[in-house]
Amino acid sequence: MNFSPCLLYSVFLLFFLLHFLRANASQCDVFTGRWIRDESYPLYDSATCPFIEREFACTKNGRPDLDYTKYRWQPRDCNLTRFDGPSFLERFRGKSIMFVGDSLSRNQWQSLTCLLHSSMPNASYNLSRVGDVSIFTFTDYGVKVMLDRNVYLVDIVREKIGRVLKLDSILGGKLWKNIDLLIFNTWHWWNRRGPTQPWDFIQIRNKTLKDMDRMAAFEMALTTWGQWVEANIDFNKSQVFFQGISPSHYNGTLWNEPSAKSCVGQKEPLLGSTYPGGLPPAVAVLKRALRKINKPVTLLDITNLSLLRIDGHPSIYGLGGRTGMDCSHWCLEGVPDTWNEILYNLVL
């Protein structure tokens, strides 16, 4: 059978274009982009998610504006696939998902459970707690979405001298083995001092210190965690993500609004793709630690897109009510839904 040179050239060109498009789609940086208004958002109504914790339930706590729920993240060079709950549940049928970290992990965990529940409101579920692990089970699918509260990832051990933060020890990791999808996070507790600091001493190998440079301690702990992941996670079975550094907004000079002393009253995201105040130093430390890992750990690099969302925090509509100010956590529905929408795109 003879083919004309023109036909062969056309077939070759089509093959080349498909390969080019596929390669570019897989290489698209979903974390570089901007927020655009989209009236089809939010992805769910917080009123239909009965288990949102009070600190994230901004509308229920009296927040009157809803514009902050109407924004969609638009990557610069590609489009995100809209989160699809049934597709996600089918992908993870009979499998387990675990968020490991502090209250920002709880923020993302609550978001994912609401996304899934709202997409399948008649599906049976159980919500339970075993020790520090909260377990949301979609019984019809055998899918477990869990949260392990572990604010440093490394261990805190009570000894004769007091509570010791051990930068080179991860005994709690036994809970993370054989989980199909792991999303880790730590950062917000590393600068805690005074009554809210949950340790009395820091230990690295045989050296015990009353305190040390917190950024250095953070990097040592991440290095220990990375070594643990390499030694204990079967990457043929499990996917591993690190949530990234979720930012706070307490200083308006960082977004060119010097009169703003907090996030209160902010109703819109920042325009554009770059945060005027730059990235927090912890981001560079995290990326340096992740480069040391020789296994495919994916950074869910949510820092910059979240920095642009000065409007997304509970402010006075969080756990503290009108007397508190929370510019660290995020309203639900809200920004963590986008974190999970990006996670959905990366795992599916």
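Put D132, D301, D337, D29 in order of accessible area, highest first, and with a 1.4 Å probe you get D132, D29, D301, D337. Taking label points 7 Å from Cα along the Cα-to-Cβ direction, L127 and D200 give a separation of 3.7 nm.
Assuming a ≥ b ≥ c are the square roots of the Cα gyration tensor eigenvalues, decide whether region 161-274 counts as rounded (a/c under 1.5), prolate (otherwise, with a/b larger than b/c) or oblate.
Working: a/c = 2.87, a/b = 1.38, b/c = 2.08.
It comes out oblate by the Cα gyration axes.
The long axis of helix 103-119 is offset from the longest Cα principal axis of the chain by roughly 40 degrees.
Less than 5 angstrom separates the built amide H of V100 from those of D148, I183, F184, N185, all sequence-distant by 5 or more or on a different chain.
Rounded if a/c is under 1.5, else prolate if a/b beats b/c, else oblate: with a ≥ b ≥ c from the C-alpha gyration tensor eigenvalues square-rooted, which is region 39-194?
Working: a/c = 1.89, a/b = 1.48, b/c = 1.28.
Here region 39-194 falls in the prolate category.
Straight-line cross-link reach from K207 at under 19 Å between alpha-carbon atoms covers these aspartates and glutamates, not counting any fewer than eight positions away in the same chain: D155, E159, D168, E219.
For the full complex of protein chains and a 1.4 angstrom probe, list S169, S111 by accessible area with the highest value first. Provide the component values of the computation, followed by the final result.
Values: S169 25, S111 0 Å².
Solvent-accessible surface, decreasing: S169, S111.
Computed over the chain, the quotient of the alpha carbon radius of gyration and 2.2 N^0.38 Å is 1.08.
With springs connecting C-alpha atoms under 10 Å apart, model the chain as a Gaussian network and identify which of S119, S46, S246 has the largest mean-square fluctuation. Top of the fluctuation ranking is S119.
Quick one: helix 281-291 against the long Cα principal axis of the chain, what's the angle to the nearest 10°, folded into 0 to 90? Compared with the principal axis, the helix lies near 60 degrees. What residues of region 28-65 lie in the reach of a label at L290, counting those whose backbone N is under 17 Å from a point 7 Å from the Cα along Cα→Cβ? Correct set: 28-33.
Is the C-alpha gyration tensor of region 47-110 telling us rounded, prolate or oblate? Criteria: a/c under 1.5 is rounded; beyond that, a/b larger than b/c is prolate, otherwise oblate. Here region 47-110 falls in the oblate category.
Are any of the pairs K237/K292; K144/K166; K210/K287; K95/K177 more than 18 Å apart by Cα-Cα distance, and if so, which? Flagged as over cut-off: K237/K292; K144/K166; K210/K287.
Counting only GluC sites (Glu not before Pro) that sit in a DSSP loop (anything but H, G, I, E, B) with at most 16 other Cβ atoms within 10 Å, what is the longest stretch of the chain containing none of them? The answer is 54-348.
The values are calculated or read from the model by the stated rules, or taken from the named source; none is laboratory data. In this text, all values refer to a predicted model and were calculated from it rather than measured experimentally. Quick reminder, even Gly has a Cβ in these numbers, built from the backbone with ideal geometry, and neighbours come from all protein chains shown. Calculation scope for accessible area: heavy atoms of the full protein, side chains included, ligands and nucleic acids excluded. Shrake-Rupley method; radii C 1.70, N 1.55, O 1.52, S 1.80 Å.
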